[in-house]
Structures are given as C-alpha cells and as structure tokens.
Amino acid sequence: MIQTLKYYPDTSINVNAGPVRDFKESYLLIYEDIVDTMKEKELTALSAIQIGHLYQLMVIKEDKEYVAYANPRIITQKNIFDSTEICSYFHNHPITVKRYQTLSIIYEDEHGNMQTKKVDNKEEASTFQRMIDYLFNTTLIDRLPLHQKEQAARAMAGKGDMPILEENAFCPPESKKVYFVSVADKLLFFMLVSLFLPLFNISKETLSSWFTYDKVAFPMVIALMVGFFIFANYEAKKFKQCTSCQVGNNIGVVLKRVIFALVCIVSAYFIVNPN
Amino acid sequence: MARLIVMGGGVSGHTAATFARKWLGDEHEVVVVTPNSQWNWIPSNIWVGVGQLAKEDVVFSLAPVYEKAGIDFKQAKAVSIHPHGNKESDKEYITIEYTGQDKEGQTEVIEYDYLINATGPKLNFDATPGLGNGKGHLGEHTVSVCTADHAVHASLELNQIFEKAKKGERQKILVGTGHGMCTCQGAAFEYIFNIEHEANKAGVRDMLDIKWISNESFMGDFGMGGLHMKVGGYVVSSKLFAESLFAERDVPWIIGAHVNKVEAGKVSYELLDGTMGEEEFDFAMLIPPFAGVGLKAYDKEGADITSNIFAPNGFMKVDAKYDAGAYENWKASDWPRTYQNPDHSNMFACGIAFAPPHLISKPASSVNGTPINPTPPRTGMPAGIIGKAVAHSVCDLINKGKEAHLHEASMAEMGAACVASAGKGLTSGTAAAMTVYPVVPDFEKYPGTGRDTDYTFGEIGLAGHWIKHILHHMFIYKAKLKPGWTLIPE
C-alpha cells in the first residue's frame, strides 16, 4: 500500500529503528509498502522509517528489481569523498556531505539469511550510506557541522542557500582558543610569584612595582577569559562534533582561572601592597 | 536461626550481603565467601589504567567492613554446591577453598539455608588463543583493566609506550574486545579515550596511532542496540555520535570483529563479512569474554548435577525462559524476574552470575558461521538493583516464611544509567552519560525500537565527567557502609 512519505521538518524519523525480527507477514507488508511508495513517487531508494515503520529495512532499486536490505551494517569503509545528494525527505534540495566510496556491507535477505555486499561505486555507496543513516536516526543535515545545520534549516525554509561542505567538520587537534589560556596562565604565574616576594628582603619600590603588575594583570586575565569564552563558543559552532568545545568545558576553564586570579589579587592587596 | 551464604563480594554480592545483614535480625547469619580480600569499584579501573588514580583509590579491605557490619567473611572461592546435602545429611551445603586469612588452600564445608550466587564472571582470557596464558589468566601480549591489579599493570605498560613516544618512536595502540562474544564494550570505550586524553596531556598524541577494535556490528551499539545522544542541542544516534567522536579524535575503527588469535605485537581477526585481517600493536588492551566461574553441583549421592543448575556457559539458571528459540520469538518476558533457581527455591543468582535467557543485541554470525555479537551487559546499576531485590526476597522468606512474595527486578522493566569517561580532568574531563529504558528491549510494549525513546538517550560533556567523579566517591562511600549508605541508590 502506498504510504505517506515523511518530509522535513517532520521529526518523527528522528529515532533509531528497531531490528527486523521476523521475515513473515509483517515483513512482507512493510516491504510492499516501501516498494509501492517508491513506485508511486519514482524513488530509487527508501528506508522503512521514511514511511513511518520503525524497522531497519530499506529497499534499493537495482536495474528493475526492488532489493530489500534488512538490518544492514557497514562493516568496512574506505576512500572518503564529497558527495552531493538529494533526498525526498529534504524536498530534493542538494546537500553535500562526506561519504565513503568503498564499502563492505552485511545484511539479511528476504528469508532472514545473512548476506554480504561489496560496493565500490560512488553513487551506489552514497545511497547505501544515506539509507543506513536513516535507520540510525541520521539525516543528511545531521552529517553537517553544527553551524551549517542552521544554515541548511534556513535554506529549507527558502531563506538562503544550502551550505557548502567544509573540510573542518570535526574539532581541531589544536585550537586557537588555547592562546588565550596560555597568556592568562603566564600572567597568573607571575601574580603567584609576587605573593612570595615579601618573604625576601626586597625594597618597598620593587614591591610597589609588583603590586602594580598585579593590578594590571588581574583585569587582563579577566579580559582574556571573556575573550576565551566568546571565541571558544564561536569556534565550537564551526564543527560538527567537538567534545572539547562543550560549553561546560569552557565554563570550567574560565572559572578556574577567574577564581585563581581573584585569590591572587586579594592576597596581593594584603601581602604585596607596600602601602 | 537461618544462615544465608552469599558467594561473591562484587557489586551485586556486596549489595545483597549488606542489605540482607541490615534487614535480618541478629539471630540470623550472613556469610560472604569471596576469593578477594578487597572490594573494587571496577568502573574507576580505567583511571588506574592510565595512571590517574592509584589502586588504593579504587579498592578497600572487606574484612573490617564486614566485621563492623556483623557479616561472617570468608576469603575463599566457592568450589561446589550440594543442594541436597549428602548421604549423611539432607542439609544443603557448599564447599569452599580458602585464598587468604592464613588458611590458603584449606577447604571447608558450610551449610546454608539460603544461597545467593553472585560470583561474577570468570575472565575467560583463554577463549582467544594468546589472549590468556593458557592457565586462565591474562597472557603476556596484552593488558586488561578488568581488575585493579590488571589496571596497575596496564598503566605501567602504557607509561613505557608514552616514554618511547617521547623519544620519537611511533607507537601503535589497539583497544577493544578480545573475542567475538565479549560484553563490556563500554570499559574499552572509556579506556581508549582516556589514553587519547592522557596522550594529549603528555604531548605524545602525534606519535601514537590509536585504533579501536570491537565485536559491535555498528559503532555506538554499546551492547544495547544503540540509543540517542544529545549533542550540541541536536538529537543524534549513538552511531553517528560514536563515529564522530572517534573521527574527531583521529581514532579509526574495526567493527564486527572476532579476535581469534593474539601474538606478540599482532592480533588476527575475522569480520562479520567473513574477511580475515591482522592488526599490529605495541600496546593492546583487549577485554576478554566472560564465563561462569566453574562452580560444580552434586546431588546427595555425589553425582554431578552441574548441568541442571548451571547453563552451558557456566552461569546459574534462574526463573528465565531458556527455550525461547529463534530471535523472532524472543520476548521481554523471557528475562528473569526473581532470580530464583527453578529447582531449588532457596537458591538465587544475581549480577553477572545469573544465566541470561538470550542476547540483548541482535544475534549475528559471520558468513563463516562465527558468532560475533555483544553479550548482555549485567554489570553496574542492574547488578546492584538485582542484588538488592534478591536480598529482599531472601529476607522475606526468612522473616515471613516460605510463602512470602518474592521481589522482582526484571531487566526488561528496569532502566539503567551509565557514565562513560572519555578523559579525566576537573575542567578538561569529558564523559558520556547514558540512560536506557528498559535495559532489555520490549518489542511488544515499544514496537520497532523496543525501548521508550523518551528515556533512552545520552549526552556528552564536562558535566558527565563530574557525575562520574561524584559517583566514584559516592559508591565507594556506600560500599564502605558509612553513615547514610542505604540512602544512596544502586
């Protein structure tokens, strides 16, 4: 039976589909629903979840045959490339994502028997990955960096263009935000050093100079931490996934240094201040 | 007076014994038989394994805690169960062999009225040639974080790898599961990211090739069939989450893998698609599969009845449906509710020691017929909850009589939370906090996914690390039976 296709922004497909458990009547009904819908909408591939069945079943039209792939898994993947894809869920808007060209897939056929399939063709590999993504609660937009998701959402609403794939989809191994922390840490180190100076026989003038340093360094540390927080959050939006960019991490980094700076400046007022 | 014997002093056994002691009056006796002198908060072993905690931070001596609680502690391993007694007496008993308390090697017979089997698993290193030493222990080629001592060893080995990396020698690190039928992927997941985190801190990350190997058929399965993660305000699948996490940290993966041989610096494996492969390493932490501890059971005449009481994998049979058949017939109701042995009403099993009726994840075999799938996790929160429920049942049977209602804790009706560390540090730490409900999917109640999607999700970040750290202290506090310990949930 022809089923209603899910279209963006319908979020009912945002769920992990369950495994196909038996290959009897219910399986055949779902398979027929998918094929009927594919024929009606002239689609070359469709996953069960796109028509509201929460099962890990997808069908791909190969020549004139509609081949079912139940519980598919990509076991190995190689040769990454940029793939520009269109999908009915996104109203056929082209979206470019990273895909692998060479795949080794396992799946179960219509009798529930394990089968393997090797794919080494960009178009076919993209289709498999896109369909399997749907079965695991992942759409094309989910594979975009965070800030591009928002751009894609605007494009879907007719405001602007679809984003262009960037190279840096993931958190960088070395972030520029560490420069803020590095400078702040050096300032804090010398603030800490100043607290020990009264232990030595140092002139009042020298102590006064160090206290001046403390008074200058303190607002600089605060400013650096403000700058760090703003830049870190800006930077986080560039990446699709970045655990070190979590706002909680940034808050922790800032709090630790601000508290340390406060302790230093208050201590310096009582210990280093010669007046 | 009734005597309850608890075999095992891990998360489940300790929970059962301590609650039973609290709920039973002084006229009844609680005996704990465990081969270990120390209790180990196993989830924190991964931090010992990267040198961030000392062994002493994750263990404590059981003897003083049990002495204070009024529990008779026997540092010994249980050897056999005699549920019908022997020719001379009908009284049920177990035999034990001491491993400590200055009685090493001595055997003893202890009669019981009620028996709780909470022995935990045997770490079955020898299931994979080369992973074990042929005598049931960890082999020489890899390390483990399954025990505190293993973790200390792993830390020392890892330190040497870091030292070599500092000298400019490129090092290969392999972490994951050492067999196709492993559980506890989470521990390996935590360990690989803690290594990566420490390598960054030590400034040697660029000299390390870190790789993941797992029996999961997809990234993010976690032995539970996957779940949702909330990342940056978006809901994504654990598959995408895990793939992204590994990709952003430059950790490639091998999945659907059954490690079938370990040699010096090399593992051989078979994948679900039937292909064979090899992977070289300088340092490898591979989780072993679990098996029962090898307890034997005998009838009154001394005949071996082990197969009546234990499943073929060595775990104790309880009130589960063991003849469910093919995958499509599996139901949530197959899973045990009371953990009572079907033939002996005074015998229970909890934690890893009970025999699950079947897998949780979808069963899978390679095209060559080799089973490659995660086995059901029964550690952590479910182990504690089940231990407490079993203790409650036993106490009611003792206090209210044999018609007392048994307490239930089915994993098919139980939610569980798990916090997986991905790096330790007050401000730089990260952990993935996950909840699943129910642990065992109920495909009748929740068609399709088998789980309540509102309560099955995860989130990663610094807050997760703080929770993990708090849990570390909280559960050790609870296990030491400090004031208010009963208020801390399992």
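The values are calculated or read from the model by the stated rules, or taken from the named source; none is laboratory data. It should be emphasised that the depicted structure is a prediction, and the values quoted were computed from it without experimental measurement. As a convention, Cβ positions derive from the backbone with ideal geometry for all residues, glycine included, and neighbour counts pool all protein chains shown.
Scan region B:351-375 residue by residue and report those that are surrounded by fewer than 20 Cβ atoms within 10 Å (Cβ to Cβ) and among the hydroxyl-bearing types (Ser, Thr, Tyr). Within region B:351-375, B:SER365, B:THR370 meet the criteria. Does region B:342-350 contain at least one residue that is crowded, with 23+ Cβ neighbours inside 10 Å, touching a Ser or Thr at 6+ places or on another chain (Cβ under 8 Å) and either in the same structural domain as B:HIS82 (by TED's automatic domain parsing) or in contact (Cβ under 8 Å) with a residue 24 or more places away in the chain (or both)? Checked against the condition, which is being crowded, with 23+ Cβ neighbours inside 10 Å, touching a Ser or Thr at 6+ places or on another chain (Cβ under 8 Å) and either in the same structural domain as B:HIS82 (by TED's automatic domain parsing) or in contact (Cβ under 8 Å) with a residue 24 or more places away in the chain (or both), region B:342-350 yields at least one hit. Of the numbered criteria (1) under 24 Å from B:TRP330 (Cα atoms); (2) among the hydrophobic types (A, V, I, L, M, F, W, C); (3) touching a helix residue (DSSP H, G or I) at 6+ places or on another chain (Cβ under 7 Å); (4) assigned to a loop (DSSP other than H, G, I, E, B), the one A:LEU43 fails is (1). Would you check if A:ILE141 is farther than 30 Å from A:TYR234 by Cα and buried (at least 23 other Cβ atoms within 10 Å of the Cβ)? No, not satisfied. Just one of the listed residues (A:PHE90, A:PHE128) is under 23 Å from A:TYR31 (Cα atoms), modelled with pLDDT of 90 or more and surrounded by 15 or more Cβ atoms within 10 Å (Cβ to Cβ), and it is A:PHE128. Count of region A:229-250 residues, restricted to those that are crowded, with 23+ Cβ neighbours inside 10 Å, modelled with pLDDT of 70 or more and within 8 Å of another protein chain (Cβ to nearest Cβ), is 1. One residue is enough: does region A:23-36 have a residue meeting the conditions crowded, with 21+ Cβ neighbours inside 10 Å and within 29 Å of A:ALA153 (Cα to Cα)? There is at least one residue in region A:23-36 that is crowded, with 21+ Cβ neighbours inside 10 Å and within 29 Å of A:ALA153 (Cα to Cα).
Those residues that are outside any helix (DSSP H, G or I) and farther than 19 Å from B:ASP334 by Cβ, I need them from region B:378-410; list them, please. Lay out the reasoning, then the answer.
First pass over region B:378-410, keeping only residues outside any helix (DSSP H, G or I): B:378-379, B:401-410.
Those that are outside any helix (DSSP H, G or I) and farther than 19 Å from B:ASP334 by Cβ: B:THR379, B:GLY401, B:LYS402, B:GLU403, B:ALA404, B:HIS405, B:HIS407.
Confirm whether B:PRO382 is closer than 21 Å to B:PHE19 by Cβ and touching a residue at least 40 places away in the same chain (Cβ under 8 Å). Answer is yes for this residue. Scanning region B:346-362 for residues that are in contact with a strand residue (DSSP E or B) (Cβ under 7 Å, 6 or more places away or on another chain) and not in a helix (DSSP H, G or I) gives B:ASN346, B:MET347, B:PHE348, B:ALA349, B:CYS350, B:PHE354, B:ALA355, B:LYS362.
Just to be sure I understand, how many residues within region B:424-470 are among the charged types (D, E, K, R) and facing chain A (nearest Cβ under 9 Å)? Give the steps one after another, and end with the answer.
At the first step, the residues of region B:424-470 found to be among the charged types (D, E, K, R) are B:424, B:442, B:444-445, B:451-452, B:454, B:459, B:468.
Restricting the remaining residues to those that are facing chain A (nearest Cβ under 9 Å) gives B:451.
Counting residues in region B:424-470 that are among the charged types (D, E, K, R) and facing chain A (nearest Cβ under 9 Å) gives 1.
Can you name the residue in region A:13-22 that is in a loop (DSSP other than H, G, I, E, B) and in contact (Cβ under 8 Å) with a residue 40 or more places away in the chain and is also surrounded by the fewest Cβ atoms within 10 Å (Cβ to Cβ) among such residues? Let's see the steps before the verdict.
Step one: list which residues in region A:13-22 are in a loop (DSSP other than H, G, I, E, B), which gives A:14-15, A:17, A:19-22.
Among the residues that remain, those that are also in contact (Cβ under 8 Å) with a residue 40 or more places away in the chain are: A:14-15, A:17, A:19-20, A:22.
Details: A:ASN14: 17, A:VAL15: 19, A:ALA17: 24, A:PRO19: 24, A:VAL20: 25, A:ASP22: 12.
Only one residue tops the list, namely A:ASP22.
State whether one or more residues within region B:310-322 are over 18 Å from the mean Cα position of the chain (by Cα), assigned to a loop (DSSP other than H, G, I, E, B), exposed (fewer than 15 other Cβ atoms within 10 Å of the Cβ) and small (Gly, Ala, Ser). Checking region B:310-322: not a single residue is over 18 Å from the mean Cα position of the chain (by Cα), assigned to a loop (DSSP other than H, G, I, E, B), exposed (fewer than 15 other Cβ atoms within 10 Å of the Cβ) and small (Gly, Ala, Ser).
Residue-by-condition table, conditions (1) away from chain A (no Cβ under 11 Å); (2) over 25 Å from B:ASP442 (Cα atoms); (3) at pLDDT 90 or above:
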| residue | (1), (2), (3) |
| --- | --- |
| B:GLN171 | yes, yes, yes |
| B:GLY176 | yes, yes, yes |
| B:ALA188 | yes, yes, yes |
| B:ILE192 | yes, yes, yes |
| B:GLU196 | no, yes, yes |
| B:GLY203 | yes, yes, yes |
| B:GLY223 | yes, no, no |
| B:GLY226 | no, no, no |
| B:LYS230 | yes, no, no |
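Please enumerate the residues belonging to region B:452-476 that are closer than 30 Å to A:LEU54 by Cβ and either more than 22 Å from the chain's Cα centre (by Cα) or among the β-branched types (Val, Ile, Thr) (or both). Break it down into steps so the answer makes sense when it comes.
As a first pass, look at region B:452-476 and keep what is closer than 30 Å to A:LEU54 by Cβ: B:452-461, B:464.
Passing the criteria: B:ASP452, B:THR453, B:ASP454, B:TYR455, B:THR456, B:GLU459, B:ILE460, B:GLY461.
Screening the candidates B:ASN45, B:ASN36 for the property of being buried (at least 18 other Cβ atoms within 10 Å of the Cβ) and touching a Cys at 6+ places or on another chain (Cβ under 9 Å) yields one hit, B:ASN45.
Of B:ALA154, B:ALA165, B:ALA118, which residue is modelled with pLDDT of 95 or more, surrounded by 24 or more Cβ atoms within 10 Å (Cβ to Cβ) and more than 30 Å from B:GLU29 (Cα to Cα)? Write out each step before concluding.
On the way: B:ALA165 fails: surrounded by 24 or more Cβ atoms within 10 Å (Cβ to Cβ); B:ALA118 fails: more than 30 Å from B:GLU29 (Cα to Cα).
Result of the check over B:ALA154, B:ALA165, B:ALA118: B:ALA154.
For region A:87-107, a tally of residues being of a type outside the set (D, E, K, R) and either part of a strand (DSSP E or B) or in contact with a His (Cβ under 6 Å, 6 or more places away or on another chain) (or both) returns 11.
Among the residues that make up region A:66-86, is at least one of them touching a residue at least 40 places away in the same chain (Cβ under 8 Å), polar (S, T, N, Q), part of a loop (DSSP other than H, G, I, E, B) and more than 14 Å from chain B (Cβ to nearest Cβ)? There is no residue in region A:66-86 that is touching a residue at least 40 places away in the same chain (Cβ under 8 Å), polar (S, T, N, Q), part of a loop (DSSP other than H, G, I, E, B) and more than 14 Å from chain B (Cβ to nearest Cβ).
Apart from one condition, B:GLU196 fits all of (1) in contact (Cβ under 8 Å) with a residue 60 or more places away in the chain; (2) under 30 Å from B:ALA416 (Cα atoms); (3) touching a Phe, Trp or Tyr at 6+ places or on another chain (Cβ under 7 Å); the exception is (3). The residue that is modelled with the lowest pLDDT, counting only those in region B:243-271 that are within 14 Å of chain A (Cβ to nearest Cβ) and farther than 21 Å from A:ARG73 by Cβ, is B:GLU248. Residue check: is A:MET38 more than 14 Å from chain B (Cβ to nearest Cβ) and either touching an Asp or Glu at 6+ places or on another chain (Cβ under 8 Å) or under 24 Å from B:SER365 (Cα atoms) (or both)? For A:MET38, the condition - more than 14 Å from chain B (Cβ to nearest Cβ) and either touching an Asp or Glu at 6+ places or on another chain (Cβ under 8 Å) or under 24 Å from B:SER365 (Cα atoms) (or both) - is not met. One residue stands out in region B:272-309 among those that are within 14 Å of another protein chain (Cβ to nearest Cβ) and small (Gly, Ala, Ser): the one that is surrounded by the most Cβ atoms within 10 Å (Cβ to Cβ), namely B:GLY274.
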